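The structure that follows is given in the form of structure tokens.
The values are calculated or read from the model by the stated rules, or taken from the named source; none is laboratory data. None of the values given here were measured: they were computed from a predicted structure. Note: ideal-geometry Cβ built from the backbone for every residue, glycine included; neighbour counts use all protein chains shown. Heads up: the accessible areas ignore ligands, DNA and RNA and are worked out on the full protein's heavy atoms, side chains in. Shrake-Rupley method; radii C 1.70, N 1.55, O 1.52, S 1.80 Å.
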Amino acid sequence: MQRVAQEFAGLRGYKQQRLLRRTQDIAQRGASRKDRLRQQFAALTAVDTEITSPILLLEDIYTTGGTCRAALSKLGVYQQPLYVGIVARQPLE
């Protein structure tokens with residue numbers, strides 16, 4: 001998704017910046033919905049930086065929404081409008 005974000009930002013004239021950092025690697029394959037939601041919230045942290053514009057979160061695959069929910073929760077510290085772009089959706093259950 002990093003490449004997609006760079007290309008999109010370049011085409012639109014936006015500043016591309018990594019605002020989340022993964023604090024642990026997790027294997028989601030085979031995990032239940034409940035486990036995925038719990039794992040994602042613990043696996044992400046916001047990068048300490050100054051943001052003064054709206055944020056677009058790009059998500060490659062939306063399965064349970066865990067990554068998206070965790071990211072939006074962590075990005076709330078920037079107190080900027082948040083938008084989400086999803087490439088594909090694959091319901092887990």
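Does Ile55 satisfy the criteria of being in contact with a Phe, Trp or Tyr (Cβ under 8 Å, 6 or more places away or on another chain) and not basic (Lys, Arg)?
So Ile55 passes the test.
Going by what's in this entry, would Gln39 be described as polar (S, T, N, Q) and either open to solvent by 80 Å² or more (accessible area, probe 1.4 Å) or touching a strand residue (DSSP E or B) at 6+ places or on another chain (Cβ under 6 Å) (or both)?
no
Just the residues that are open to solvent by less than 60 Å² (accessible area, probe 1.4 Å) and at pLDDT below 85, please, taken from segment 45-61.
Thr49, Ile51
So, in segment 44-93, exactly how many residues are in contact with a Leu (Cβ under 8 Å, 6 or more places away or on another chain), of a type in the set (Lys, Arg) and part of a strand (DSSP E or B)?
0
Report, by residue number, each residue of segment 1-17 that is hydrophobic (A, V, I, L, M, F, W, C) and within 20 Å of Tyr62 (Cα to Cα).
The answer is Met1, Val4, Ala5, Phe8.
One residue is enough: does segment 9-22 have a residue meeting the conditions in contact (Cβ under 8 Å) with a residue 24 or more places away in the chain, surrounded by 10 or more Cβ atoms within 10 Å (Cβ to Cβ), outside any helix (DSSP H, G or I) and more than 16 Å from the chain's Cα centre (by Cα)?
Scanning segment 9-22, I find at least one residue that is in contact (Cβ under 8 Å) with a residue 24 or more places away in the chain, surrounded by 10 or more Cβ atoms within 10 Å (Cβ to Cβ), outside any helix (DSSP H, G or I) and more than 16 Å from the chain's Cα centre (by Cα), so the answer is yes.
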